[in-house]
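After the structure tokens below, expect a handful of questions from me.
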Ligand code: SF4
Ligand code: SF4
Ligand code: FES
């Protein structure tokens, strides 16, 4: 098809609406492969935005390409757990089979191979995205077969379906997922109660947000419900399905197999706060879920559970759109997510105003985690008392935990809050002795093998729901180094401490890894951590130093055994700097080297 | 009913009117809070974090935090100035700053702030990024080696109604000022020397051609007085 037609079709599909820019860019790129300068110009004209603004959005997201990315774009998940499962060697093998270098498009424009932060498949890696379709459980044999298919330019549709299979790996269910759910029942119960009583029910249940921070859901909703509306405005319900924290994948399971619980929870939220518009912000890595989710939404419309006159009640209007992200971890931050929903780079906003009063397009907006909405649905269905009886005093209900790494049965486990780490690990089957457990991903907490008695709840170790397990054979320094690079890659670049500080962190970790570190460098790391925690603009920057600081405190020998003994060592190696000169002069004799005394 | 509204900056009372930020009010009162990305004519951006002050032990950006009655704000404490020096060092190593040969030297806010805070050296390893200059425009040179990503050019150009400069990209390598043309060159935009955006850059990125060094080193804005004094004088003239 003519590129212009592709662009114009995407523009028309989204009514030339600039706030839908992300979807316009994605739909265009899905057909054209990349976003050429002419494409950007055309889209800018189409939405009536300055060209540079469109380019700014395209340049922000990892999954938008302003340069050609070839017919096959293969992005390997670079989560530490994928690495432990052998992703780096497999990527190398693929590059060799295709005769190319990571991060560089092949000369013939055939393929591009690189890494991407994490794709939410920690329980079935090594995993990768092939033209943004998820592939799991890679093996050397699969890599070889895949290289063959690529060389023969076989279309993705003809590749073995088995390669694209994503398992739920739901290993243990509880009050949230253990029972069947009949769509509409929870919504009817909420309707019978009325909005005020429904809000009181959520408050009485003690529900706290499942995204990690644990803010009381009812308080957020109350603030939004009380926020004044200007003419033409509505309140907005946003489901944060940007599950980007490496090691977390429970929302993937909820969206795949329990979408009704989530959508119904959103609809109850809309009824409770008086919202007419809803969004699911789905991370780009979960592109493969899009069609199924759209189908579920459509079915719910047909069942009278979405759209105008929900449950046959006049004036109960609410609908949900799915907005697909494009590879930017920072969009998990609620105000960055809202910027992204408006078609802009996902940069966290200055606050106040808070989203509950001025969120999406200046309208009062609540942003809640996928799992929070599922909980809302069950609370509406079964009542606050039932919910409040589960878990602990400060952390009611149950929690979905994504368990990955060195365990026999990686997957999703549902436990009441207050469960000990040891109990979860026992169920997941620890093979070896446990050296460390990373709770809540890179921005979370590192526990040592001695701390497994600690409990997962807001009273002790709060969690967004991820446990990455490292046995005694693992190198905790390398774990922290992976996290340092993760933050350096995902910093939005807005504020100085995070933009530069995460880079310095990553460089220092590389320097230490290369055997050039000194005590001096180890002192720098906590200094940087304090600066980031104290001056960064958003939570990403505040926590970017956490994993380094925690591993440095708890696993210091892993750092120290790599140090040169001196107090200070420069990052550069004088002799190595001469290598180009040696190459040019064809010399390799002793006098051409600087030798340390 | 009292009309008096004041907060306290390092113990000194600062008057303010409702809606003013801490930095706005302090600036108007001739008190200096270090800052780079804030400019009295534009909305606070909150990106440089130089203006970080402390309220009850909590760090906040003074440029984006509303003043309120009786607030006790710590500003020039040794801890805060230490953090500021580190932020300055980060900005210096992130770009390529050759002060002795820079046309902006002596009137550059970054350089002046580094002097003000007693920054003696870069401390961190230099990044030496590769940021090409754009000399395509007949009247203006763009040298992004010195860009501190403060967004003032973006805001000024939006006011001009031209959107010549837009902040885009992500992270240390990606984040940059995007020029509003398909070629990415300034010559292919409608930028003009008379634009507000031509005069707003606090460092030496947006430079007028053919007027370089017309004021000799030694007689420039921050050569005559440190930034804290110069700004207080300017504020009292406003
Ligand atoms: S802390 Fe990092 S992610 Fe957050 S605004 Fe600053 S640069 Fe962006
Ligand atoms: S060019 Fe100048 S004004 Fe624009 S962002 Fe960079 S430093 Fe700020
Ligand atoms: S002046 Fe406040 S962050 Fe830059």
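Ignore the peptide's own chain and count Cβ atoms of other chains within 10 Å of each Cβ in A:535-545; give me the average, rounded.
Per residue, the average neighbour count from other chains is 2.
Further, regarding this structure: If you restrict to DSSP beta bridges whose two residues both lie in the stretch A:188-284, what percentage is antiparallel, to the nearest 5?
Once the DSSP bridges in the stretch A:188-284 are tallied, antiparallel ones form about 10 percent.
Next up: So how much slack lies between residue A:154 and residue A:99, counting 0.36 nm per residue of separation and subtracting their Cα-Cα distance, in nm?
Separation in residues times 0.36 nm, less the Cα-Cα distance, equals 18.0 nm.
Sort A:116-123, A:103-110, A:172-179 by the packing proxy (mean of other Cβ within 10 Å over each peptide's residues), most packed first.
A:116-123, A:172-179, A:103-110
Just subtract the alpha-carbon distance of residue A:2 and residue A:314 from 0.36 nm times their residue separation and send over the number in nm, one decimal.
Residue separation times 0.36 nm, minus the Cα-Cα distance, leaves 107.8 nm.
What area, in nm² and to one decimal, does the C-alpha convex hull of the stretch A:332-443 cast on average over all directions?
Taking a quarter of the hull surface, the average projection is 9.7 nm².
What value in Å³ per residue do you get for the convex hull of the alpha-carbon atoms in the stretch B:48-156?
137
Round to the nearest 0.05 the FRET efficiency obtained for residue A:107 and residue B:5 when R0 = 60 Å and r is the Cβ-Cβ distance.
E(calc), rounded to 0.05, equals 0.35.
Let me ask another. At 0.36 nm per residue, and after removing the present C-alpha to C-alpha distance, how many nm does the segment from residue A:185 to residue A:13 gain when stretched out fully?
Length gained between residue A:185 and residue A:13: 58.5 nm.
What FRET efficiency, computed as 1/(1 + (r/R0)^6) with R0 = 25 Å and r the Cβ-Cβ distance, is obtained for residue A:556 and residue A:432, rounded to the nearest 0.05?
0.70
Order of A:76, A:34 from fewest to most other C-beta atoms within 10 Å?
Ordered by Cβ neighbours within 10 Å, fewest first: A:34, A:76.
Next question. Which FRET efficiency value, to the nearest 0.05, is calculated for residue A:165 and residue A:579 with the Förster distance at 51 angstrom and r the Cβ-Cβ distance?
0.65
Separate question: Using a 10 Å cut-off on Cβ to Cβ distances, tally the other chain neighbours for every residue of B:179-185 and report the average as a whole number.
4
Another question, if that's okay. Using a 10 Å cut-off around each Cβ, can you sort B:10, A:242 from fewest to most neighbouring Cβ atoms?
Least crowded to most crowded, the residues run B:10, A:242.
Looking only at B:64, B:112, B:135, which one moves most when chain B is put into a Gaussian network model with springs between Cα atoms under 10 Å?
B:135
With every atom except the alpha carbons ignored, what do you get for Rg and Dmax of the stretch A:482-597, in angstroms?
17.3, 53
Still on this structure: What distance in nm lies between label points placed 7 Å from Cα along the C-beta direction at residue B:215 and residue A:568?
Result: 3.7 nm between the two label points.
With everything on Cα atoms, drop me the angle between helix A:87-98 and the longest principal axis of chain A, reported from 0 to 90° to the nearest 10.
Helix A:87-98 sits at roughly 70 degrees to that axis.
Next up: Just from its helices, what would the mean residue ellipticity at 222 nm be for chain A, if runs of 4 or more DSSP H residues each count -39500 (n - 2.57) and the sum is divided by every residue, rounded to the nearest 500 deg cm²/dmol?
Helix-only estimate at 222 nm: -12500 deg cm²/dmol.
Classify the stretch A:460-526 as rounded, prolate or oblate, taking a ≥ b ≥ c as the square roots of the eigenvalues of its Cα gyration tensor: rounded when a/c is under 1.5, otherwise prolate if a/b is larger than b/c and oblate if not.
The shape class here is oblate.
Something else now. Indicate, rounded to the nearest 5 percent, the antiparallel portion of the DSSP beta bridges found entirely in the stretch A:435-550.
90
Now for a separate question. Is the shape of the stretch A:268-378 rounded, prolate or oblate, going by the alpha carbon gyration tensor and its root eigenvalues a ≥ b ≥ c, with a/c under 1.5 for rounded and a/b larger than b/c for prolate?
Here the stretch A:268-378 falls in the oblate category.
Starting from the Cα of residue A:459, move 7 Å in the Cα-to-Cβ direction to define the label point; list residues of the stretch A:363-397 whose amide nitrogen is under 14 Å from there.
Residues A:389-397 fall inside that zone.
A follow-up question, please. Find the centroid of the Cα atoms in the stretch A:459-510 and in the stretch A:170-234, then give the distance between the two in whole Å.
Centre-to-centre (Cα) distance: 33 Å.
Hey, got the average number of other protein chain Cβ atoms within 10 angstrom for residues in B:156-163?
Other-chain Cβ atoms within 10 Å of each residue's Cβ, averaged: 1.
Ok, one more. Report P(r) for the stretch A:225-329: all Cα-Cα distances, bin width 10 Å, range 0 to the bin holding the largest distance, values in whole percent.
Whole-percent P(r) values from 0 Å outward: 14, 45, 30, 10, 0.
How far apart, in nm, are the 7 Å Cα→Cβ label points at residue B:190 and residue A:88?
Going from the residue B:190 label point to the residue A:88 one covers 5.3 nm.
If you average the alpha carbon positions of the stretch A:1-43 and of the stretch B:137-181, how far apart do those two centres end up, in angstrom?
25
Separate question: Cα convex hull of the protein assembly as shown: mean projected area in nm², to one decimal?
39.5
While we're here: Counting DSSP beta bridges in the protein assembly as shown, what percent are antiparallel, to the nearest 5?
60
What does the highest-first list of A:88-96, A:502-510 look like by mean Cβ count within 10 Å?
A:502-510, A:88-96
Further question: Using label points projected 7 Å from each Cα along Cα→Cβ, tell me how many nm separate residue B:126 and residue B:236, to one decimal.
Each label point lies 7 Å from its Cα, and together they span 4.0 nm.
To continue, here is another question. What shape does the stretch B:99-225 have by the C-alpha gyration tensor, where a ≥ b ≥ c are the square roots of the eigenvalues, rounded means a/c under 1.5, and otherwise prolate means a/b greater than b/c and oblate the rest?
Here the stretch B:99-225 falls in the oblate category.
Restricting to DSSP H runs of at least four residues, report the calculated mean residue ellipticity at 222 nm for chain B, -39500 (n - 2.57) per run over all residues, nearest 500 deg cm²/dmol.
Per the formula, -7000 deg cm²/dmol.
Would you list A:150, B:179 from fewest to most Cβ contacts within 10 Å?
With the fewest neighbours first, A:150, B:179 line up as A:150, B:179.
For the stretch A:358-382 and the stretch A:535-575, compute the distance between their C-alpha centroids and round to whole Å.
Using only Cα atoms, the two centres lie 39 Å from each other.
Pick out which of B:24, B:66, B:155 has the largest mean-square fluctuation in a Gaussian network model of chain B, springs linking Cα atoms closer than 10 Å.
Per the Cα network of chain B with a 10 Å cutoff, B:66 tops the list.
Between helix A:259-273 and chain A, what is the angle of the helix's C-alpha long axis to the longest principal axis, kept within 0 to 90° and rounded to the nearest 10?
Tilt of helix A:259-273: around 60 degrees.
Values in this text are rule-based calculations from the coordinates and carry no lab data. No experiment lies behind these values; they were computed from the predicted model shown. Methodologically, a virtual Cβ is constructed for each residue, glycine included, from the backbone with ideal geometry; neighbour enumeration extends over all protein chains shown.
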